Structure formats: structure tokens, C-alpha cells
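Have a look at the structure below, then the notes.
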Amino acid sequence: MRVLNSEQRMIQETARQFAAERVLPMAKALDPQKGVMPRALIDEMAELGFFGIMVPAEYGGLGLGAFEYCLVAEELSRAWMSVGSVIARGNGMLGLFDALPEERKLDALTRQVRGEYLGAVALSEPNAGSDVANLSCRAVRVGDEWEITGSKYWCTFADEADFLVVFARTDPNVDPKARHRGISVFIVDKPRGALPQGVKGSPIPKIGYFGWTTWELAFEGYRVPGDSLLGEEGRGFYHITSGLETARAHTAARSIGLARGALEDSLGYAQERAQFGTPIGHFQATRFKLADMATQIQAARSLMYDVCERIDQGGRCDLESSMVKLFASEMSEQVTSEALQIFGGAGYTTDCAVERYWRDARLTKIFEGTSEIQKRIISDTLMGKVTA
Ligand SMILES: Cc1cc2nc3c(=O)[nH]c(=O)nc-3n(C[C@H](O)[C@H](O)[C@H](O)COP(=O)(O)OP(=O)(O)OC[C@H]3O[C@@H](n4cnc5c(N)ncnc54)[C@H](O)[C@@H]3O)c2cc1C
């Protein structure tokens, strides 16, 4: 097993303690009521530096890498995946701000590190999920402004965020062979605690990932200032792909955190629950399940560490990041499901966290690119794309 350096151990331990003492009790209380994580929790995370782990020190961040970011994400997700996810609204936005003029970048990042400028991503649409290049939301230049019209789906945190990152088509002439061209990205500032005035929205009735609300949004001629356009017009797709490796490693970390929560809870339950006059942890059927679960988690974690190291060394690892996203999310669903089995009927109640781990693990196979899309990327790399 990899030995962490002292700085890594320290940040891991800080996140572990925070997760156990602050996040887990909140998850237990709020998830069953589909509650929203309190702003005070976000403020505490900002104080610990969790929104700026990867942000360079000159912008107020910790100046660390994807490795430390994923260490923290695993710890927080072990308690509640939504909290392990919200740190991406800082660290995960880093690449976007590179396109800003230096003064605005400095302002955005320093506020982000303090947890005062967190974003939500409005990329997916009713007809553009895995096939994001199919997006049809339009942005048209009107004088000094842009006018956005179209539907967005699955925008998590749209209400509580300080800004939305909206992907819209600025060139209506879609080249069927290069549909990704002509897409631009806009930063839409908004008041915290509400949708942008004039944007209609309704919450999506999801089955997990509580702690924040996921929205369907309707933009109808919504005007934003000219400087909301981020980077070059028509090159927004570049922003979708640029941070993908870190985003996939982060999703792997979340998957591993959930699986670890399920394993740790199962180890405790296997010792305390007795049937046929003996703890269920004495049955080989249970022990072997636990052995398999622990092994799967460790395998995923090793792959994640490897991918993070490559990212931090500046090398490309599209293939490996797809592999770790695929492997860790599939592992997480299996491990959390096995944990639920160990809990028997108790696992099928909201009294035990294991059902939450299972519901949230199920999502890791879907968002940030489904398992099938990861397999497509991996097989295309191995075999070349099929051109029909
Ligand atoms: C709770 C939740 C929160 C989310 N938050 C956000 C957010 O904040 N912002 C945002 O922009 N998006 C968000 N998403 C959207 C998420 O990224 C998409 O759900 C995901 O990309 C899959 O798209 P889809 O749901 O349209 O599924 P589809 O693309 O319709 O896929 C349906 C099925 O078809 C399969 N499939 C599709 N294409 C292929 C192919 N080429 N080969 C093989 N199989 C294929 C898929 O793997 C899947 O099994 C969120 C989603 C959920 C569920």
C-alpha cells in the first residue's frame, strides 16, 4: 500500500475528523428528509481550505494537487457524497477561470477559495446527456449583451450557487461532422439562494444525492453582459474536456468513499448482529463478502492514486482516468449492495446509512460520463473508433 507523505497524511486526517464529527451526523439527519446542507458547513469547509486544495497559493489556495484533492474527496464522501462533491465547485472550476483576464481570475479564485464564489454547471439538456455535443441551448449577441434561450437539465446546486456555468450554442450552423464546434461557455452571476431572476426552474425528483437540489432550468431570452462569455467564442467544448481527467479521478474518490463507509459499517454490524446464537461475522459467507469488499476498495484506491500522480506530474491520462472512473463506480455499487445484504432487513431501512451509500453509489455509474461511455472511450483507445 502506498505510503502518504506527512502533508498528505495531515490533510487526510483533517478531512477524516471533519467528516466524522461534522458531516456524518448531518447526513444522518438531513438525507432522510431530503434536506439541504447548511451554509455553515460550507463555510467551515472553506476555512479548512477544501475549496482551494488545487488552487495555487498566489490565489489564496493550498497549492496542492489532484492527489490531495481526491484524498479529501474520499474522506468527505465516506460521510456524505454530496459534501465530497461540493468541493468540486471550487477546485473543479479552476480550469474555467484560466480563460479569464488576470484581474478577474484573481478576484474569482480568491473568493472561491473562501467559499464565497461557488458555481453550478448547466451543461446537460433534455436531449443532450452522454451526447453533450447535441446541446441546443442558444446564445445570441444583442448589442453589448448575450441573450440565452433554451432548456437545461440536471443542474445541481443552481439555487445555492453564486454563478452558473452555462454552455450554449453561439453558432447555429451545426456541422454534422463536428457538432462540438460553435458551443460557447458563459459565466452567469446570480444571487445565492435563488435562481437568476427571469430563469424558470423546477427541482428534479431524484432518488438520492440529497443535500442539494438538482434543477431543470428554462432560459427565455435571458440577457447577460458581454463579458460573461468565457474564453473564445465557439470553443466552449474545450472547457468540457479540459478538466475531465481530474473530474473522473474525483468521481472515483467519491465512489471509494461511499464503498468504504459501507465496508466500515458492515464490519461493525457483522460483529454485533447475532443469528443462530453467533455473530453473523462468524459465518464464512459474511467474512468472505467483507474480504472481497475490502480488496475491491483497495484495488480502486491504488488505481486512483496512480491516476492522480500522473495528473499531478502533468502527463495526459485520458485512458487511465476513464478506467478508474469506470472501475471505482462499478466497484462502489457492488460493495454498497453487498453491505446492504450483510445488514439484511435493517439495510433496507433509512435507519442505517448503508442504504444511502447504495443509492449514492448508484449515481456514480451515471454522472460524469456513464459506465458505457467510459467503456467506449477505453475501447476506442484500444481499438480505434468505429467509423460507420
Ligand atoms: C443526480 C444527477 C445530478 C447531475 N448533475 C449535473 C449537473 O450538475 N450539471 C450537468 O450538466 N449535468 C448533471 N447531470 C447529468 C449527467 O451528467 C447525465 O445524466 C449523464 O451524462 C448521462 O446522460 P443522460 O442522463 O442523458 O443519459 P443518456 O445519455 O440518455 O444515456 C442513457 C443510457 O444510454 C447509454 N448510452 C448513451 N450513449 C451511449 C453510447 N454511445 N454507447 C453506449 N451506451 C450509450 C448510457 O450509458 C445510459 O445507459 C446529473 C445527473 C444526475 C442523475
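Taken together, the values in this text are just the output of simple stated rules run on the coordinates, not laboratory data. Bear in mind that the values here come from a model prediction, so they are computed numbers and not experimental data. Note: ideal-geometry Cβ built from the backbone for every residue, glycine included; neighbour counts use all protein chains shown.
You can think of it this way: the chain between Ala29 and Phe288 has 90.0 nm of extra reach, that is 0.36 nm per residue less the Cα-Cα gap. Each of Ala161, Ala46, Ile204 was scored by the projection of its Cα onto the charge dipole of the chain, and the greatest displacement toward the positive side belongs to Ile204; charges sit on the C-beta of Lys, Arg, Asp and Glu. In degrees from 0 to 90, rounded to the nearest 10, what is the angle of the helix 284-312 Cα long axis to the longest principal axis of the chain? Between the helix axis and the principal axis of the chain, the angle is about 30 degrees. Using only the Cα atoms of the range 8-131, build the gyration tensor, take square roots of its eigenvalues as a ≥ b ≥ c, and label the shape rounded, prolate or oblate: rounded if a/c is under 1.5, else prolate if a/b is larger than b/c, else oblate. Judged from the Cα gyration tensor, the range 8-131 comes out oblate (a/c at least 1.5, b/c at or above a/b).
Here is the size of the range 123-234 from its Cα atoms: Rg then Dmax, 13.9, 43 Å.
How about the range 1-43: which trypsin sites (Lys or Arg not before Pro) there lie in a loop by DSSP and see at most 11 other Cβ atoms within 10 Å? Those satisfying the criteria are Arg2. Tally the DSSP beta bridges in the chain and give the antiparallel ones as a percent, rounded to 5. Bridges in the chain are about 80 percent antiparallel. For the chain, the dipole from Cβ point charges (+1 on Lys and Arg, -1 on Asp and Glu) about the Cα centre works out to 860 debye, to the nearest 20. Relative contact order of the range 243-382, taken over Cα pairs closer than 8 Å and 6 or more residues apart, is 36 percent. In this structure the amide hydrogen of Leu230, modeled in the peptide plane, comes within under 5 Å of the amide hydrogens of Val185, Phe186, Ile187, none closer than 5 places in sequence on its chain. Candidates Gly277, Thr214, Ala252 compared by Cα position along the dipole of the range 185-291: farthest toward the positive end lies Gly277, with charges placed on Cβ.
Each of Gln298, Val72, Gly150 was placed along the dipole of the chain (beta-carbon charges, centred on the mean Cα), and the one lying farthest toward the positive end is Gln298.
Assuming charge only on the beta carbon of Lys and Arg (+1) and of Asp and Glu (-1), the dipole of the range 248-388 about its Cα centre is about 220 debye to the nearest 20.
Neighbour counts of C-beta atoms inside 10 Å place Val83, Val23, Val140 in the sequence Val140, Val23, Val83, starting with the fewest. For the listed residue pairs Lys34/Lys200; Lys105/Lys375; Lys365/Lys385, the alpha carbons are over 29 angstrom apart in Lys105/Lys375. Under 5 Å from the amide H of Gly211 lie the amide H atoms of Gly35, Met37, each residue being 5 or more positions distant or on a separate chain, with H modelled from the backbone and absent for Pro and chain starts. With the cut-off at under 16 Å, measuring from each backbone N in the range 132-152 to a point 7 Å along the Cα-to-Cβ line of Ser202 picks out 151-152.
What FRET efficiency do you get for Ser136 and Gln341 if R0 is 51 Å and r is their Cβ-Cβ distance, rounded to the nearest 0.05? Computed FRET efficiency for Ser136 and Gln341 comes out at 0.75. Here Lys325 is the anchor, and the aspartates and glutamates within straight C-alpha reach of less than 12 Å, apart from those fewer than 8 places off in the same chain, are Glu245, Glu368, Glu372. Measure nothing but the geometry: give the 0 to 90° angle between the long axis through the Cα atoms of 354-364 and the longest principal axis through the Cα atoms of the chain, rounded to 10°. With rounding to tens, the tilt is 40 degrees. For Glu125, what residues show an amide H to amide H distance below 5 Å, using hydrogens built from the backbone and excluding near sequence neighbours? For Glu125, whose amide H was placed from the backbone, the distant partners under 5 Å are Tyr153.
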